[in-house]
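Accompanying notes for the structure given below.
The values are calculated or read from the model by the stated rules, or taken from the named source; none is laboratory data. If you're wondering where the values come from, they're calculated on a predicted model, not measured in any experiment. As a convention, Cβ positions derive from the backbone with ideal geometry for all residues, glycine included, and neighbour counts pool all protein chains shown.
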Amino acid sequence: MNRSQRRAAKKQNPAGGLPSATPAQAPGVDLFALAVQHHDRGELTPAVELYKTILDRTPSHAAASERLALIYLAQGKRDKASVQYAALARHVPQSLGSYVRIVETLKNLIPDLAPAFTNASTASLVYLLKKPGVENCTSIAGNDYFRCALESTVARDVALERWLTALRAEILGAALADEPPTDDELLAFSAALAQQCFINEYVFAVAPDERQLAERLKGLVVDAVAQATTIHPLRLISLAMYLPLHTLPGGSAIAERSWPGPAAAVVTQQVLEPIEERQLRASMPRLTAIGGGVTAQVRQQYEENPYPRWVRLNAPPATLRILDDYIRQQFPTAQYRPVGRRDSLDILEAGCGTGRHALEVTQAYRGARVLAVDISLASLASAKRKTPPALAGTIEFAQADIMSIGSIGRSFDLINSGGVLHHMGDPLAGWCELLKLLKPNGLMQIGLYSAHARREIVAARKIIAKRGYPSTPEGIRRCRQDLFNGPEQFKFMAMSDFFSTSDCRDLLFHVQEKQFTIPEIKEFLTENNVKFIGFDFPRTIHQHHQRVFANAGWSIGNLDRWDAYERANPDIFMNMYALWMQKN
């Protein structure tokens, strides 16, 4: 490792701002402080041993895991660093939250991969498998962290996407050879890429000649399934890079065969898990009837493309949250009445989609009992399948329409509905229905699209309408590539939602979207006797806005000030307004 690479590795802030992981981390706190002292003094041998001891006790100790990886990286032991970063990603999935960070880590771990981020023509099997000739460093294909990232989260980098797209075509050609290669590293990497393609719902571009080869491979696999003849693992994996295996005729029979580890992981993801979700869908409780019109159209979109796409649930926080304490910490000057529930909390997640936020809420609050509802059975089935056993007794999933949810006869201390109301035919009526379900002193968090922040989305939708892109997988693929290659690079093209089919459809092709302004929100709150508590942001951004308001002498609860502030800074609600409120 040269000096610049070593400096780059050290700049990755040990502990990296990662959220703390599990309560079991606490017993290692003193050991960790001692390990950091050794590490900071350059006494790496005792530091390594202490970090290992901590991780033996608590594998989800994020800071110890990352510091150990940084030591290995600084020592030039890239293989060990890769294994450690992969372990961190598996135990603390939130470590994969920033793709900029993932890319920088990959560049440090695999210097030979760096050209991939500038030149897709470097993608080749020879390049993928060649040994760089550096001690303690395997091929790109053999890198554990790279494979883990592909298996765990959507690749959110345009250059890497193009490199992986070109590499996928190379692997397809190799799989169609009379004797496909049997290299273990190639098989493992190809399986990781197949899982990536399934996660992003095959959003990568497919050239016409490549599509013909994929169809040829499909024919070979389908015939082999029907005739119960041998299927080379690389052929099965390669086909899984172009279509989900459960959609093949007789696809369930694939799971009845014995496969080597990498192929077995793909079969689990693309055959067994979809079968499980179909079973869960059939048994999902229905709490209300589902409306027609816009509601039916929105439901159909999410049956076809459950949203959002995710793989691993974040590790739970080290300390369980108490709602009153959290609100007071986030909004110290806000006037509100304490909920008064410290050991139990009834929560409604209205429009839970595939369940990620609902599950994170369940594991975040002390004594949480969560009802998570959605109109999409496909989304609910995905959510229920991904529910960890430890949470199964504290969260229930069910199908329900917000416009009819008052009929369930329940009330809640906290209601979350993020990114849902603005997809309804009458968002304000839906909001009113939710308000009826709040207990006395109950709190609500609502997420709504900002008209100011969505101006680029509006412009892109005009382009989509003018060019006639359909909201099909092929239409979305074509739209994305044309936008990538177009003269204007929109800011939303760096957002995570742009890098998978379902998420891109939700972002640019949604059948129903209503955007709001802060004066409209203020009017609704006033008319319905609801107190605004504050807007929520990620921690560092939240602190920045608080400082701006404090320095200007503004109240953080003054919506008129927020309106002026947004007009001067129209991107601050790029994701959406996330506002906390309480009925007066």
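Find the residue count for segment 270-324, including only residues that are under 30 Å from VAL339 (Cα atoms), assigned to a helix (DSSP H, G or I) and among the hydrophobic types (A, V, I, L, M, F, W, C).
1
Among the residues of segment 338-351, is there at least one that is under 22 Å from the mean Cα position of the chain (by Cα), within 30 Å of ILE541 (Cβ to Cβ) and part of a loop (DSSP other than H, G, I, E, B)?
yes
Condition first: touching a residue at least 12 places away in the same chain (Cβ under 8 Å) and assigned to a helix (DSSP H, G or I). Now tell me which residues in segment 551-584 satisfy that.
If the condition is that a residue be touching a residue at least 12 places away in the same chain (Cβ under 8 Å) and assigned to a helix (DSSP H, G or I), then LEU559, ASP560, ARG561, TRP562, ASP563, TYR565, GLU566, ARG567 are the ones that fit.
Residue under question is GLU179, and the condition is that it be assigned by TED's automatic domain parsing to the domain that holds LEU239, acidic (Asp, Glu) and within 24 Å of GLY251 (Cβ to Cβ); does it hold? Break it down stepwise before answering.
On the way: assigned by TED's automatic domain parsing to the domain that holds LEU239: yes; acidic (Asp, Glu): yes; within 24 Å of GLY251 (Cβ to Cβ): no.
No.
I need every pair where a residue in segment 197-219 that is closer than 15 Å to VAL266 by Cβ has its Cβ under 7 Å from the Cβ of a residue that is aromatic (Phe, Trp, Tyr), sequence separation at least 6 or different chains.
What qualifies is CYS197/PHE204; ASN200/PHE499; TYR202/TYR242.
Is there a residue in segment 535-545 that is at positive phi and out of contact with any helix residue (DSSP H, G or I) (no Cβ under 7 Å at 6 or more places or on another chain)? Full working, then the answer.
Residues of segment 535-545 that are at positive phi, as a first pass: none.
No: zero hits.
Residue under question is LEU428, and the condition is that it be at pLDDT 95 or above and buried (at least 21 other Cβ atoms within 10 Å of the Cβ); does it hold? Before the answer, list the steps.
Details: at pLDDT 95 or above: yes; buried (at least 21 other Cβ atoms within 10 Å of the Cβ): no.
When the stated conditions are applied, LEU428 does not pass them.
Determine whether LEU525 is modelled with pLDDT of 95 or more, surrounded by 15 or more Cβ atoms within 10 Å (Cβ to Cβ) and part of a helix (DSSP H, G or I). Steps first, answer last, please.
Numbers: modelled with pLDDT of 95 or more: yes; surrounded by 15 or more Cβ atoms within 10 Å (Cβ to Cβ): yes; part of a helix (DSSP H, G or I): yes.
Yes.
How many of the residues in segment 177-196 are in a helix (DSSP H, G or I) and crowded, with 17+ Cβ neighbours inside 10 Å? Reasoning before the result, please.
Pass one, segment 177-196, residues in a helix (DSSP H, G or I): 184-196.
If we keep only those that are crowded, with 17+ Cβ neighbours inside 10 Å too, we end up with 185-196.
Residues meeting the conditions: 12.
When you check ALA174 against the structure, is it within 27 Å of the chain's Cα centre (by Cα), on the phi < 0 side of the Ramachandran plot, in a helix (DSSP H, G or I) and surrounded by fewer than 21 Cβ atoms within 10 Å (Cβ to Cβ), yes or no? Before the answer, list the steps.
Details: within 27 Å of the chain's Cα centre (by Cα): no; on the phi < 0 side of the Ramachandran plot: yes; in a helix (DSSP H, G or I): yes; surrounded by fewer than 21 Cβ atoms within 10 Å (Cβ to Cβ): yes.
So ALA174 does not fit the description; no.
Kindly indicate which of ASP325, ASP346 is surrounded by fewer than 17 Cβ atoms within 10 Å (Cβ to Cβ), under 26 Å from LEU438 (Cβ atoms) and acidic (Asp, Glu). Break it down stepwise before answering.
On the way: ASP346 fails: surrounded by fewer than 17 Cβ atoms within 10 Å (Cβ to Cβ).
One residue alone meets the criteria, ASP325.
Among the candidates ARG321, ARG312, single out the residue that is in contact with a Phe, Trp or Tyr (Cβ under 8 Å, 6 or more places away or on another chain), closer than 30 Å to LEU345 by Cβ and assigned by TED's automatic domain parsing to the domain that holds ASP374.
Values: ARG312 fails: in contact with a Phe, Trp or Tyr (Cβ under 8 Å, 6 or more places away or on another chain).
Of ARG321, ARG312, the one residue that is in contact with a Phe, Trp or Tyr (Cβ under 8 Å, 6 or more places away or on another chain), closer than 30 Å to LEU345 by Cβ and assigned by TED's automatic domain parsing to the domain that holds ASP374 is ARG321.
Is there any pair linking a residue in segment 113-124 that is without any contact (Cβ under 8 Å) to a residue 60 or more places away in the chain and in a loop (DSSP other than H, G, I, E, B) to one that is charged (D, E, K, R) and surrounded by fewer than 17 Cβ atoms within 10 Å (Cβ to Cβ), with Cβ under 7 Å and at least six apart or on different chains, and which?
Within 7 Å, the pairs are ALA123/GLU170; SER124/GLU170.
Taking the stated definitions as given, is ILE237 part of a helix (DSSP H, G or I) and either under 28 Å from the mean Cα position of the chain (by Cα) or not charged (D, E, K, R) (or both)? If you could, list the steps in order and put the result at the bottom.
Numbers: part of a helix (DSSP H, G or I): yes; either under 28 Å from the mean Cα position of the chain (by Cα) or not charged (D, E, K, R) (or both): yes.
Yes: the conditions hold for ILE237.
Would you check if there is a residue in segment 231-240 being of a type in the set (S, T, N, Q) and closer than 21 Å to GLU179 by Cβ? It would help to see each step written out before you state the result.
First pass over segment 231-240, keeping only residues of a type in the set (S, T, N, Q): 238.
Still in the running and closer than 21 Å to GLU179 by Cβ: 238.
Within segment 231-240, one or more residues are of a type in the set (S, T, N, Q) and closer than 21 Å to GLU179 by Cβ.
Which count do you get for residues in segment 315-325 that are modelled with pLDDT of 95 or more and not hydrophobic (A, V, I, L, M, F, W, C)?
Within segment 315-325, residues that are modelled with pLDDT of 95 or more and not hydrophobic (A, V, I, L, M, F, W, C) number 3.
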